[in-house]
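Take a look at the structure below.
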Amino acid sequence: MKSKLWKLQDTRPAIDLDILNIEYHFYKNPRNEKVVKTISIQGQDAVNVIPLTKDRKVILVKQFRFGIGDYTWEIPGGMIDKGELPATAVQRELREETGYAGSHWEYLGKIQSNPVFMNNYIHQFLAREVTCQFELELDDAEQVEILELEIEKVYDWIKQGVIQHPHTITAFFFAQPLLMAVQKQ
């Protein structure tokens with residue numbers, strides 16, 4: 001059965017929040033031909049990285065997240081600046097949030113941030129043999145705790161619900177074959 005396409009009828013700005021813009025999108029439902037008003041959050045793409053040390057430990061950061069009003073354990077990441085390539089942005093974010101840097105980078109892929117109402121993607125990377133080389137360069141709204149954790153412990157934390165950040169979990173899903181191979185070395 002072939003799906004009928006939803007047709008965008010109109011777009012109107014709703015709220016400009018500087019790093020995000022909210023728009024109203026009016027779509028015609030192909031099932032009943034009614035036009036429905038939806039919300040679409042327009043944002044910049046972002047990056048995150050699984051940083052792996054020479055002794056095969058993952059660098060995690062604990063950050064306060066305003067949306068849930070609580071702390072999360074996650075991998076470093078952040079927004080891509082205008083005109084910046086994902087590979088450049090991820091190296092900058094790792095350096096700023098953790099002080100770590102590395103020279104062996106692998107692109108794991110990208111995921112939709114939240115396609116229900118957002119238009120942006122998260123580009124995910126693995127960085128091998130990272131070392132702490134720099135001072136932290138945190139934004140005014142950031143405070144991080146840094147932890148080195150064994151690969152198998154990270155997967156335990158995901159299963160136990162200690163790590164719940166969806167972008168972190170999907171990065172570890174993408175990287176699982178690579179990380180399992182590293183563990184066997």
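What to note about this one:
- Residues of the range 100-109 satisfying the condition of being touching a residue at least 60 places away in the same chain (Cβ under 8 Å) and crowded, with 17+ Cβ neighbours inside 10 Å: LEU108
Conditions tested, residue by residue: (1) closer than 24 Å to GLY69 by Cβ; (2) modelled with pLDDT under 95; (3) not in a helix (DSSP H, G or I).
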{"position": "ILE146", "(1), (2), (3)": "yes, no, yes"}
{"position": "ILE158", "(1), (2), (3)": "yes, no, no"}
{"position": "VAL162", "(1), (2), (3)": "yes, no, yes"}
{"position": "PHE172", "(1), (2), (3)": "no, no, no"}
{"position": "GLN183", "(1), (2), (3)": "no, yes, no"}
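- Condition check for LEU5: at pLDDT below 95 and either open to solvent by 70 Å² or more (accessible area, probe 1.4 Å) or touching a Leu at 6+ places or on another chain (Cβ under 6 Å) (or both): yes
- Residue pairs meeting the criteria (Cβ under 6 Å; at least 6 apart or on separate chains; first within 21 Å of ARG65 (Cβ to Cβ), in the range 77-95; second open to solvent by less than 40 Å² (accessible area, probe 1.4 Å) and assigned to a loop (DSSP other than H, G, I, E, B)): ALA89/ILE80; GLU93/PRO76; LEU94/PRO76
- Flag for PHE117 being under 16 Å from ILE59 (Cβ atoms) and within 17 Å of the chain's Cα centre (by Cα): no
- Residue tally, condition crowded, with 17+ Cβ neighbours inside 10 Å and not in a helix (DSSP H, G or I), over the range 81-99: 1
- Screening the candidates VAL116, VAL47, VAL61, VAL36 for the property of being without any contact (Cβ under 8 Å) to a residue 12 or more places away in the chain and surrounded by 12 or more Cβ atoms within 10 Å (Cβ to Cβ) yields one hit, VAL36.
- Residues of the range 11-27 classified as open to solvent by 40 Å² or more (accessible area, probe 1.4 Å), out of contact with any Phe, Trp or Tyr (no Cβ under 7 Å at 6 or more places or on another chain) and not β-branched (Val, Ile, Thr), total: 8
- Total residues in the range 150-173, condition under 17 Å from the mean Cα position of the chain (by Cα), under 19 Å from LYS184 (Cα atoms) and open to solvent by 90 Å² or more (accessible area, probe 1.4 Å): 1
- The number of residues in the range 103-144 being assigned to a strand (DSSP E or B) and of a type outside the set (A, V, I, L, M) comes to 15.
- Residues of the range 122-149 that turn out to be of a type in the set (A, V, I, L, M, F, W, C), in contact with a Ser or Thr (Cβ under 8 Å, 6 or more places away or on another chain) and open to solvent by less than 20 Å² (accessible area, probe 1.4 Å), as a count: 2
- When residues of the range 43-56 are limited to those that are in a strand (DSSP E or B) and modelled with pLDDT of 95 or more, the one farthest from LYS153 (Cα to Cα): ALA46
- Considering the conditions (1) at pLDDT below 95; (2) among the basic types (Lys, Arg); (3) under 14 Å from the mean Cα position of the chain (by Cα), LYS110 is excluded by exactly one of them, (1).
The values are calculated or read from the model by the stated rules, or taken from the named source; none is laboratory data. If you're wondering where the values come from, they're calculated on a predicted model, not measured in any experiment. Using ideal geometry, Cβ is built from the backbone for each residue, glycine included, and neighbour counts are taken over all protein chains shown. In case anyone asks, the SASA skips ligands and DNA or RNA and just uses the protein heavy atoms, side chains included. Shrake-Rupley method; radii C 1.70, N 1.55, O 1.52, S 1.80 Å.
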